[in-house]
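To keep things clear, I will list the structure first and then write my remarks on it.
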Amino acid sequence: MAIACVFIPSFPLAAAWRERTACATLPAQAAVLVINRPQRGQVIALSAAARTMGARLGMSQVQAAAAAPESEVLVHDPALTQRCWEEALEALDAASPAVESPRAGVAYLDLRGIPLTLEQQRERIARTLGAWPARVGIASTRLAAYAAARERRIVAPQEEAAFLAVQPLRLLGLHAEDQERLALLGVRRLGQLAALPGGGLARRFGAQALRWHALARGEDRTPLRPRPRHTTVAASAQAQEPIDRMEAILFACRGLIEQLAADLQRAGRRCARLELTLESERGEARRLRCEVASPTARAEVLLALVRARLEGVAEGREGAICEAVSGARVEAVRVEDGGIPLSLLAESRPDSETLQTALARVAGAFGEESLRRAEVREAFRPEGRFAYAPFDARSALASVERHRTASDTATQPSAHLRLLHERREIVVRLRRGVPCAVGDDEVVEVAGPWRTAERWWSEGSERDDYDVQTAAGTLLRIAREGARWYVLGSYA
């Protein structure tokens, strides 16, 4: 299998320089440093001229400026770097149907089935990237192709072992500690690593050393993992005259959603999140997001979601939709591969369409922030063992399914502690240091105390919790902090 590697050295530097000068290739005499942040930054990329002056990666901005005082300093913009690299990857899509990118500046292309010689393919890939200072190499494995790209060459399969043997060990991307340990053994090149017994390496460095050993010998059976391509599936329309009636807006949305659903079905995708944008006469845009509990490409389901969202907005606290709608756009902002997993006992699961329609109505009437779920967290005190997080309909359906499956073999659950929204101070009488009455109710059973000591920096860091049962049959969780008593919740 032939693999091409595209390597752009110091890609953050190339991207920053292109943004500044509209050219990604630096002049040979240009001394440039790229730091990770404006204040007290560190050097993450530098030009050859700056390196010659004495600057090094990892230096602070002050150190690098002292070593190379004439260097120009640029601040790294991660979003810009990623955007530039995405543009480069989109260009590489024309050279191969399968492109894998482990990081910005490095990409691997599968060359199987392309009716060109290896040299022609290497030249074609280099032309595809235009002004980027890209190096292209071709070999039969990723590691060999990466090493070949650094030297701008093609390595034949029969030459690969000898070619890898002289390459430095750092091409494996090992942790500094592992590389230092190997250097103590005299291993500094891939050939030296390949000559060692694999079993001994695994005993000393763990199972990961077997992969290092195989890569150093030119063995890599892992197939390329093509990067996921972002597909924009959307439909939009402009009205000849502004629309202010709900029925007319829904009629316009129906046609757009049918077009969107048809595009999704042709692409074999499903919509997991839908966004509706309504534009007013004055150019103001109102965006409404609809979460899809069970991803689908069915137009009637998506239309029901949009209808529920619009009706919820019109009837709820968010007020009118717009002054008058002059344009509309629907977009599947999150898509997934086609196919719907079904349960063996589907009738026992909640109806996902009913759930997502209800959620759309609630979000429209009370806002998306009203949809919350409780999640369990580790803490000593009961009130710290949960927190509220945004509600996800898909995970909720999966949780219901897991609970239904587990409940088939579960025993009868015991009583659950229901915490009060805010604890309430109460009067507790003691007998020999143990609660004997809560208010006017006599205590017949007591369990505890359970002492917790948290938040030493604030008052009330120590607390004793008790479970008490009153003569009336009420089971309470109470707590003592200093001289005060509180009821935290009850069991049900």
L57-Q29 pseudo-label distance in nm [points 7 Å out on the Cα-to-Cβ vector]: 2.8 nm
Average Cα contact separation per residue, the stretch 417-491, under 8 Å, 6 or more apart, as relative contact order %: 33 percent
At q = 0.21 1/Å the base-10 log of I(q)/I(0) from the Debye formula over the alpha-carbon atoms of the stretch 160-274 is -1.11
Cα-based shape type of the stretch 3-150, given that a ≥ b ≥ c are square roots of the gyration tensor eigenvalues and the cut on a/c is 1.5: prolate
Stretch gain in nm, segment Q265-A22, where the contour uses 0.36 nm per residue and the Cα spacing is subtracted: 83.4 nm
Taking R0 as 41 Å, what's the FRET efficiency between E462 and R40 from their Cβ-Cβ distance, rounded to 0.05? 0.50
Cα-derived Rg to Rh of the stretch 417-491, Kirkwood definition: 0.96
Fewest-first sequence of D440, D178 by Cβ atoms within 10 Å of each Cβ: D440, D178
Rounded to the nearest 0.05, what FRET efficiency do R287 and F251 have when you use their Cβ-Cβ distance and R0 = 25 Å? 0.80
Of 129-137, 465-473, ordering from highest average Cβ density within 10 Å down gives 129-137, 465-473
Simple spin-label estimate for R334 and V376 in nanometres, 7 Å along Cα-Cβ: 2.4 nm
Using 0.36 nm per residue of separation minus the Cα-Cα distance, give me the extension gain between Q238 and A195 in nm, one decimal. 8.6 nm
Using 0.36 nm per residue, how much length does the chain from R153 to A453 gain when fully extended, once their Cα-Cα distance is taken away? 101.5 nm
Using a Förster distance of 30 Å, the FRET efficiency for A389-A492 (Cβ separation, nearest 0.05): 0.80
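Laboratory data are not the source of any read-out in this text; all were calculated from the coordinates shown. All figures in this text were calculated on a predicted structure; none of them were measured in a lab. Methodologically, a virtual Cβ is constructed for each residue, glycine included, from the backbone with ideal geometry; neighbour enumeration extends over all protein chains shown.
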